[in-house]
Amino acid sequence: GAGSLGSRERRIGVAAALCFFTFATVYMTWPYAVNASSATAVGFDPFLQIWLSEWVQHAFVTNPGQLYSANIFYPFSLTLAYTDANIPGALAAFSIRILTGDPILTNSILVLASFVLAACGTFLLVRYVTGNQAVGVVAGLAYAFLPYRMVHLWHLNWLEGALLPWFAFALLRLLDRPEIGRAVAVGSLAAIITLVSFYFSLQLALVTLLVSASVWISRRTWPTFQFWRASALAAGVALAVAIPFLLPYLPVNAPQRLAPTLVDAPQYKALPASYLQLAPWDSPNALQSALGVRAAPNLSLTEVGQGTHADGHQHPEIVTEDALYPGLVVLIFAVAAVVLGRPRWLVASLLGIAIAAGVLSLGPTWGPHHAGNLSLPYAWLFDHVPFFRAMRVPA
């Protein structure tokens, strides 16, 4: 494992990886970096994220008790709870906002930083499991620049799923040695990620349950008292941090009829073909074309409206939720890991997560959009599992 690497070698590896991933981010998102203060990704969501960040910062400075009474939709109350408030993202932006004095530049820095954060978290996770820094670099690039992440360039809260590999890294460390500090790290990350977007709470639950169950099954013993104590501490920290910020969401659903329904899910579900789709602006190379990979269809302007770019001009807004092709290199290494990877319990749990996530992404019914007739697990979970109703977009 990673223990075979010396502490100095690990520190140098992290520094080198950080520099490399920063360069890769600038290259892969070019020319975003040179327009960071004057432009956003095309679409409505960057301006929503900027407003959310500005309002949360304003409320914390002036009147924290009125955080959710945002300055929209008067005379309704608790209007910040009409969407994922992304309070952690707003607080992370606070110091950057003070330094730059520019909300657009602040948003751009956070968007670009999310790719570095995603790559570094995956690097640490994979290095911890394999003890191999080169493998960690490859995995970091693979996760950070998935087509799926690239098509969400305008969804800052979704890009902050960059914290998911950090959570998995913290969870594995806790399972290896259930100490207080590691439990606090797991609980804190769980709370932060949940407050970024409710979608992530289901992903955290899936990862935690399957990885934790598989490790204890592989050890052929019951969890120790130390593990249960650390788990209780992690859960307590997560609840203590998250619940005060989640409670305002409860009273806005019923009276204002904001409770989600399954109406949108069939439109935004993935299809099996989605796993062979690139971003709409990418063209498959010859090998990808031979494998059946294609660019995701570009929705027409009448379907999605227009986005206002920071230059003041109107541009078509590209909306696609199902560019899910992970890349041939990723698939080859994943197959190799399933066949040869160690430890086997971790391989089995990751494979289980992949299968479960794939099935859930297909939405409530099997079949074309709005025309499926075979019920899938998503439909039952939507009706019976807390927080699952927050997942309006299965893909």
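Per residue, the convex hull spanned by the Cα atoms of the range 1-153 measures out at 144 cubic angstrom. Just the protein heavy atoms count here, and of the accessible area of the range 173-278 at 1.4 Å, carbon and sulfur take up 71 percent.
Extending 7 Å from Cα along the Cβ direction at Cys19 and again at Trp216 yields two label points whose distance is 4.5 nm. Ordering Leu360, Ser95, Val184 by Cα displacement along the dipole of the chain toward the positive end leaves Val184 in first place; charges were set at the Cβ atoms of Lys, Arg (+1) and Asp, Glu (-1). For the range 261-296, the residues whose backbone nitrogen is under 16 Å from a point 7 Å from the Cα of Phe44, taken along Cα to Cβ, are 264, 268. Each Lys and Arg contributes +1 and each Asp and Glu -1, all at the Cβ; summed about the Cα centre of the chain, the dipole is approximately 1460 debye.
Compare the peptides 331-340, 90-99 by average per-residue count of other Cβ atoms within 10 angstrom and give them in order, highest first.
Sorting 331-340, 90-99 by mean packing, highest first, produces 90-99, 331-340.
Remark: C-alpha extents of the range 348-395 on the principal axes read 33, 24, 15 Å, sorted largest to smallest. Among residues other than Asp264 with Cβ under 12 Å from its Cβ, the summed charge is +2 (Lys and Arg +1, Asp and Glu -1). Translational diffusion coefficient of the chain (Stokes-Einstein, Kirkwood radius from Cα pairs, 10 °C, 1.306 mPa s): 71 µm²/s. For the range 112-179, what class follows from the C-alpha gyration tensor (a ≥ b ≥ c being the square roots of its eigenvalues): rounded when a/c is under 1.5, otherwise prolate if a/b is larger than b/c, else oblate? Oblate.
Computed packing ranks the peptides 35-45, 116-126 as 116-126, 35-45, most packed first, by mean other Cβ atoms within 10 Å.
In terms of the Cα gyration tensor, with a ≥ b ≥ c the square roots of its eigenvalues, is the range 147-188 rounded because a/c is under 1.5, prolate because a/b exceeds b/c, or oblate? Cα axes put the range 147-188 in the prolate bin. Per-residue packing, averaged as other Cβ atoms within 10 Å, sorts the ranges 360-368, 234-242, 164-172 into the order 164-172, 360-368, 234-242, beginning with the highest.
Applied to the range 133-143, the Karplus parametrisation 6.51 cos²θ - 1.76 cosθ + 1.60 on θ = phi - 60° returns per-residue 3J(HN,Hα) values of 6, 5, 4, x, 5, 4, 5, x, 4, 4, 6 Hz, with x for Gly and Pro. Rounded to the nearest whole Hz, the Karplus-based 3J(HN,Hα) values (6.51 cos²θ - 1.76 cosθ + 1.60, θ = phi - 60°) of the range 181-193 follow the sequence x, 5, 5, 4, 4, 5, x, 5, 5, 4, 5, 4, 5, with x at glycine and proline. Residues of the range 336-366 with backbone nitrogen within less than 16 Å of a virtual label 7 Å along the Cα-to-Cβ line of Asp176, please, listed as ranges. The answer is 342-347. For the range 32-74, the solvent-accessible area of protein heavy atoms averages 51 Å² per residue (probe radius 1.4 Å; ligands and nucleic acids excluded). Scalar couplings 3J(HN,Hα) for the range 371-376, obtained by applying the Karplus form with A = 6.51, B = -1.76, C = 1.60 to θ = phi - 60°, are 9, x, 10, 9, 5, 10 Hz; x denotes Gly and Pro.
The values are calculated or read from the model by the stated rules, or taken from the named source; none is laboratory data. Keep in mind the model is a prediction, meaning the values are calculated, not measured. As a convention, Cβ positions derive from the backbone with ideal geometry for all residues, glycine included, and neighbour counts pool all protein chains shown. When the accessible area is computed, the model is the full protein with side chains, heavy atoms only, and any ligands, DNA or RNA have been set aside. Shrake-Rupley method; radii C 1.70, N 1.55, O 1.52, S 1.80 Å.
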